[in-house]
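*Asks:* So that we are looking at the same thing, I have put the structure below in structure tokens.
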Amino acid sequence: MSAITTASKSPLQKLRSATGSRRIFIHTVLIGVAIVMLYPLLWMLSSSLKPDTEIFTQPGLIPSSLRPENYSEGWSGSGNSFSLYITNSLIVTIGAVIGNVISCSLAAYAFARFEFRGKKIWFGLMLGTLMLPTQAVLIPQYTIFYNLTWINTFLPLIVPKFLAVDAFFIFLMVQFIRSIPRELDQAAMMDGANPFQIYWKIILPLMKPALITTTIFTFIWTYDDFLHQLVYLQQNDKFTVPLGLTLFLDQTSGSSYGAMFAMSTLALLPTLICFLIFQKRLVEGLATSGMKG
Amino acid sequence: MTTAKTDEVVKEQSAPSTPSDQRERDRMRRRLARRRGGGWWPYAFLAPWFVGLFGLTIYPMLASLYLSFTNFDLLTPAQWIGLDNYDKMFTDDPVFWDSVHATLLYVLVSVPLKLALALGVAMLLNRDLRGIGLYRAAFYLPSLLGGAVAIAIVWRQVFGGDGLFNDFLAWFGIKGQDWISSPDTALYTLILLAVWQFGTPMVIFLAGLKQLPKDVYEAAAIDGVTPVTRFFKITLPLLTPIVFFNVVLQIIDAFKTFTPAFVISNGSGGPLNSTMLYSLYLYKKGFTDLQMGYASALAWVLFLVIAGFTAVNFIASRYWVHYDD
């Protein structure tokens, strides 16, 4: 039986389908790596439920006694309630997502579907900004927003997203629109649609996968973006989740480790939920987008 | 244009065209060509991007170049001081050199390790295994969470004096130390954090591995090529465009690292500036010390260094990256 199947397999298949013992070996290695990868996260989760005294003395993952109060204490914890930080983070991230989806899809449509003077140069510039480190423009941008008296508001974190500054997503969407058959545009054009109607009624609905990828990544990256929030938000009542978390760091000379781990766990929840729901799309979207020019 | 041409060929094959059809089609094609030029339409779609490009990228780049030649504390007007900032940076600022040292060490150690691990695991995953989706998810998750403050906090505790890492060493009878507060090891905890996040390049490697031509491997298998030879003579050369893509991306990313350095050292870059990554130093100069002229000079040096690394990468790529077409 096995002889027959082996015989009918191509040499490549033989290569790929390892023998039983090799298979076990590979699984063992992969499971080992997976444990190392996930262990720090599990340790955080378990520490968030341990009494402070136990976090650093009892190394195992299972707490000897559960202390869910860490969560309630952390939540009401550092100056403001954590719910304020979460609300602030939501305002910033939702604003950024809307901005990126609109502005990047508009720009991508222009690059993917029109011929115009200097298009190659503009497109090249757009790709160039992909490599530009944000630190290089941080200070002048700060002075601009300072002069607009936008410091300590959410505007410096949201408005730039409406101006398509995240070239990565323009590029991703250009690639996607190029895969939509032009015949659809042309058919709509024959029916008298103008370019905006084509964008709105044909391109946007068809590029939903690219828009979802943009939404997820913008959400996660903005939510986790610490540098800009640290620079632009200065008063506690405007703080976002990452800034709220750093307040715990200053306090941990005392003994609120449990609360700190509890809030760290909560802070990761939105990203984790995103990941669990969109896991396949995230991983595949990353692997296929932006690969071939 | 190419699509219009192929359309024409298809139509001509399917039905003989009459002269009036031909005229009608010509007119339509001219109209389409004009529409694709689009007059002012493309500029309307690009308007937000243009505002962003000029207002938030090109103008700030130029402004930052100007500011780098000034003394500027945000509150009083900038004073022109010529090359003083650059002069001070290179000749009279030991912290600058500490940060250059820490950053180069960080980039040059973390990027190769991360990519090697990413490629290794991608090769293991590139076969029909049960639960492959689960593995990919487990390996990718840390990369997704990596930039978060919460992770940096966890890292700080894991490598602290009585943290998880020392518990782990204790199993092997090794007595640990406080890795975060020792200047010899603090940076390596950051490097380990970067390596832990090998998921992004791994996924890209995996996509690349799946695209490799199968016939080459079939031929090699028939010739009885050993796995090691197979890797170095077939897989690696064919994969070089993707290795290159990952190298460029990861180097740029590594140069920009800020959050973990800030959190792990509590914003200080310590101990003894050992975790003073360049971005952190730039932030401190600009926003803690309000030396925005000096910080602008730092920003331009960072920009030039990243551009330089990228350019060298592209030039060197001619000698080791193989494109099949």
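The values are calculated or read from the model by the stated rules, or taken from the named source; none is laboratory data. What you see is a predicted model, and the numbers here were worked out from it, not measured in a lab. Note that we place each Cβ from the backbone using ideal geometry, even for glycine, and neighbour counts take in every protein chain shown.
Residue by residue, here is whether (1) closer than 27 Å to A:GLN141 by Cβ; (2) β-branched (Val, Ile, Thr); (3) at the interface with another protein chain (Cβ under 10 Å from one of its Cβ atoms) holds:
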{"site": "A:PRO205", "(1), (2), (3)": "no, no, no"}
{"site": "A:PRO209", "(1), (2), (3)": "no, no, no"}
{"site": "A:THR213", "(1), (2), (3)": "yes, yes, no"}
{"site": "A:TYR223", "(1), (2), (3)": "yes, no, yes"}
{"site": "A:VAL241", "(1), (2), (3)": "yes, yes, yes"}
{"site": "A:THR246", "(1), (2), (3)": "yes, yes, yes"}
{"site": "A:PHE261", "(1), (2), (3)": "no, no, yes"}
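*Asks:* Given the structure, is A:LEU66 touching a residue at least 12 places away in the same chain (Cβ under 8 Å), surrounded by 17 or more Cβ atoms within 10 Å (Cβ to Cβ) and of a type in the set (A, V, I, L, M)? Break it down into steps so the answer makes sense when it comes.
*Replies:* Working: touching a residue at least 12 places away in the same chain (Cβ under 8 Å): yes; surrounded by 17 or more Cβ atoms within 10 Å (Cβ to Cβ): no; of a type in the set (A, V, I, L, M): yes.
So A:LEU66 fails the test.
*Asks:* Can you tell me which condition A:THR53 does not meet? The list is (1) in a helix (DSSP H, G or I); (2) in contact with a helix residue (DSSP H, G or I) (Cβ under 9 Å, 6 or more places away or on another chain), and all the others hold.
*Replies:* Going through the list (1) in a helix (DSSP H, G or I); (2) in contact with a helix residue (DSSP H, G or I) (Cβ under 9 Å, 6 or more places away or on another chain), A:THR53 breaks only (2).
*Asks:* Within the range B:299-325, how many residues are within 11 Å of chain A (Cβ to nearest Cβ) and among the β-branched types (Val, Ile, Thr)?
*Replies:* 4
*Asks:* B:LEU238 versus (1) in contact with an Asp or Glu (Cβ under 9 Å, 6 or more places away or on another chain); (2) in a loop (DSSP other than H, G, I, E, B); (3) more than 10 Å from chain A (Cβ to nearest Cβ); (4) surrounded by fewer than 21 Cβ atoms within 10 Å (Cβ to Cβ): which is the lone unmet condition?
*Replies:* The one condition B:LEU238 does not meet is (2).
*Asks:* If I filter the range B:268-278 for residues that are within 10 Å of another protein chain (Cβ to nearest Cβ) and either of a type in the set (Ser, Thr, Tyr) or touching a residue at least 60 places away in the same chain (Cβ under 8 Å) (or both), do I get at least one hit?
*Replies:* Checked against the condition, which is being within 10 Å of another protein chain (Cβ to nearest Cβ) and either of a type in the set (Ser, Thr, Tyr) or touching a residue at least 60 places away in the same chain (Cβ under 8 Å) (or both), the range B:268-278 yields at least one hit.
*Asks:* I've got another one for you. Quick one: which helices (runs of 4 or more DSSP H) lie wholly within the range B:85-190 and hold at least 2 residues that are more than 12 Å from chain A (Cβ to nearest Cβ), without any contact (Cβ under 8 Å) to a residue 12 or more places away in the chain and of a type in the set (Phe, Trp, Tyr)? So that I can check it myself, show each step before the final result.
*Replies:* Details: elements: B:94-125, B:132-145, B:149-158, B:164-171.
The helices (runs of 4 or more DSSP H) meeting that bar number zero.
*Asks:* If I go through the range B:191-233 residue by residue, how many of them are closer than 28 Å to B:LEU134 by Cα, part of a helix (DSSP H, G or I) and of a type outside the set (Ser, Thr, Tyr)?
*Replies:* Our first condition is that a residue be closer than 28 Å to B:LEU134 by Cα; within the range B:191-233, this holds for B:191-214, B:217, B:227-228, B:230-231.
Okay, now just the ones that are also part of a helix (DSSP H, G or I), so B:191-196, B:199-210, B:214, B:217, B:227-228, B:230-231.
Still in the list and also of a type outside the set (Ser, Thr, Tyr): B:191-196, B:199, B:201-210, B:214, B:227-228, B:230-231.
Qualifying residue count, the range B:191-233: 22.
*Asks:* Take A:ARG178 and tell me if it is more than 7 Å from chain B (Cβ to nearest Cβ), within 19 Å of A:PRO209 (Cα to Cα) and basic (Lys, Arg).
*Replies:* On the way: more than 7 Å from chain B (Cβ to nearest Cβ): yes; within 19 Å of A:PRO209 (Cα to Cα): yes; basic (Lys, Arg): yes.
It is true that A:ARG178 is more than 7 Å from chain B (Cβ to nearest Cβ), within 19 Å of A:PRO209 (Cα to Cα) and basic (Lys, Arg).
*Asks:* Okay, next question. State whether the residues of the range B:284-298 include one that is among the small types (Gly, Ala, Ser), more than 7 Å from chain A (Cβ to nearest Cβ) and within 12 Å of B:VAL95 (Cα to Cα). Steps first, please.
*Replies:* Just the residues of the range B:284-298 that are among the small types (Gly, Ala, Ser), to begin with: B:286, B:293, B:295-297.
Now narrow it down to the ones that are more than 7 Å from chain A (Cβ to nearest Cβ): B:293, B:297.
Subsequent filtering for residues that are within 12 Å of B:VAL95 (Cα to Cα) retains none.
Within the range B:284-298 (the criterion being among the small types (Gly, Ala, Ser), more than 7 Å from chain A (Cβ to nearest Cβ) and within 12 Å of B:VAL95 (Cα to Cα)), the answer is no, since none of the residues qualifies.
*Asks:* Of the residues in the range B:95-133, how many are at pLDDT below 90 and not β-branched (Val, Ile, Thr)? Full working, then the answer.
*Replies:* Taking the range B:95-133 as the starting set, the residues that turn out to be at pLDDT below 90 are B:126-133.
Retained after the next criterion (residues that are not β-branched (Val, Ile, Thr)): B:126-131, B:133.
Of the residues in that region, 7 qualify.
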